[in-house]
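Quick notes on the structure that follows.
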């Protein structure tokens with residue numbers, strides 16, 4: 001079984017949706033990725049930073065799920081990264097109400113020695129220079145490096161982003177970001193352009209409309225499971241990435257056919273994330289629930305043509 005290194009934010013979120021609102025709750029890309037990947041029983045470790053205001057109970061919860069937090073720096077005199085947002089009625093658009101970088105502003109990731117040889121590296125959404133510094137610390141080239149990013153970095157750090165994109169095997173972005181990065185409206189053409197930037201695989205997330213996987217002229221589409229209610233979409237993309245990377249770490253098969261399976265597993269786990277506020281649903285999720293919904297995915301996507 002492969003070792004998985006997860007780099008990203010461990011944070012506080014305050015969320016408002018048509019279904020209600022929260023005070024500060026646990027959030028952050030690395031948190032969602034780690035919780036999702038934990039369902040595959042892999043040896044995973046998180047690299048991040050939090051302030052002295054971050055409850056130790058949250059770290060203990062991650063440890064209880066066999067997520068190593070030795071790489072989470074605690075700046076005792078600092079405050080944890082905080083984001084607040086309000087979702088519109090369509091649940092696809094949101095307004096950012098507050099972003100407080102706090103300890104994240106001067107974050108210099110330090111990869112623990114026992115994770116410098118990780119087989120799979122999942123670079124969560126952070127400044128491209130931070131993502132690159134993690135790759136620089138690896139003593140062995142990862143078998144698979146996966147990068148997630150967003151339009152914010154395309155706006156303010158495009159050259160740095162393009163440099164780190166050259167160094168990864170997989171990029172996961174949403175459809176809007178794929179169009180911005182490539183300058184192409186067609187997602188097929190966008191994937192071709194992004195492929196030429198370096199990544200062997202391009203994963204384009206389409207929210208409630210599923211995800212697309214591209215590799216050297218080959219294409220695969222996985223739908224999202226239709227849900228009666230989407231309670232809070234925060235972290236769904238990170239949960240997808242965690243399921244994707246966690247499945248590949250477990251199976252140790254990096255073929256295109258197995259990456260198709262990873263997309264399905266990522267979509268499956270993301271469908272749970274949106275059912276409650278923040279990480280609550282992912283913290284309580286059971287293996288039986290995951291398997292049952294995976295069977296629903298199979299029924300949704302498998303058919304015979306006569």
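The rows are residues; the columns are (1) part of a helix (DSSP H, G or I); (2) touching a helix residue (DSSP H, G or I) at 6+ places or on another chain (Cβ under 7 Å); (3) farther than 30 Å from residue 252 by Cβ.
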residue: 26; (1), (2), (3): no, yes, yes
residue: 33; (1), (2), (3): yes, yes, no
residue: 44; (1), (2), (3): no, yes, no
residue: 50; (1), (2), (3): no, yes, yes
residue: 68; (1), (2), (3): no, no, no
residue: 79; (1), (2), (3): no, yes, yes
TODO: Check region 170-193 and report whether any residue there is in contact with a helix residue (DSSP H, G or I) (Cβ under 6 Å, 6 or more places away or on another chain), assigned to a loop (DSSP other than H, G, I, E, B), surrounded by fewer than 23 Cβ atoms within 10 Å (Cβ to Cβ) and in contact (Cβ under 8 Å) with a residue 12 or more places away in the chain.
DONE: no
TODO: Pull up region 113-137, narrow it to residues that are touching a residue at least 60 places away in the same chain (Cβ under 8 Å), surrounded by 15 or more Cβ atoms within 10 Å (Cβ to Cβ) and out of contact with any helix residue (DSSP H, G or I) (no Cβ under 6 Å at 6 or more places or on another chain), then point me to the one that is nearest to residue 236 (Cα to Cα).
DONE: 126
- [ ] Within region 254-306, track down each residue that is outside any helix (DSSP H, G or I) and more than 19 Å from the chain's Cα centre (by Cα).
- [x] 255, 286, 302, 303, 304, 305, 306
Task: Selection status of residue 248, touching a helix residue (DSSP H, G or I) at 6+ places or on another chain (Cβ under 8 Å), assigned to a loop (DSSP other than H, G, I, E, B) and either modelled with pLDDT of 95 or more or closer than 27 Å to residue 92 by Cα (or both) - done: no
Task: Residues of region 77-95 classified as surrounded by fewer than 10 Cβ atoms within 10 Å (Cβ to Cβ) and either closer than 18 Å to residue 27 by Cα or modelled with pLDDT of 95 or more (or both), total - done: 1
Open item on the list: Can you confirm whether residue 72 is in a strand (DSSP E or B), more than 19 Å from residue 15 (Cα to Cα) and either at pLDDT 95 or above or under 19 Å from the mean Cα position of the chain (by Cα) (or both)?
Closed with: yes
Task: Leading residue by the ranking (surrounded by the most Cβ atoms within 10 Å (Cβ to Cβ)) among those in region 199-234 that are modelled with pLDDT of 95 or more and outside any strand (DSSP E or B) - done: 199
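The values are calculated or read from the model by the stated rules, or taken from the named source; none is laboratory data. Everything numeric here is computed off the predicted structure, so don't read it as measured data. Positions of Cβ are backbone-derived with ideal geometry, glycine not excepted, and every protein chain shown enters the neighbour counts.
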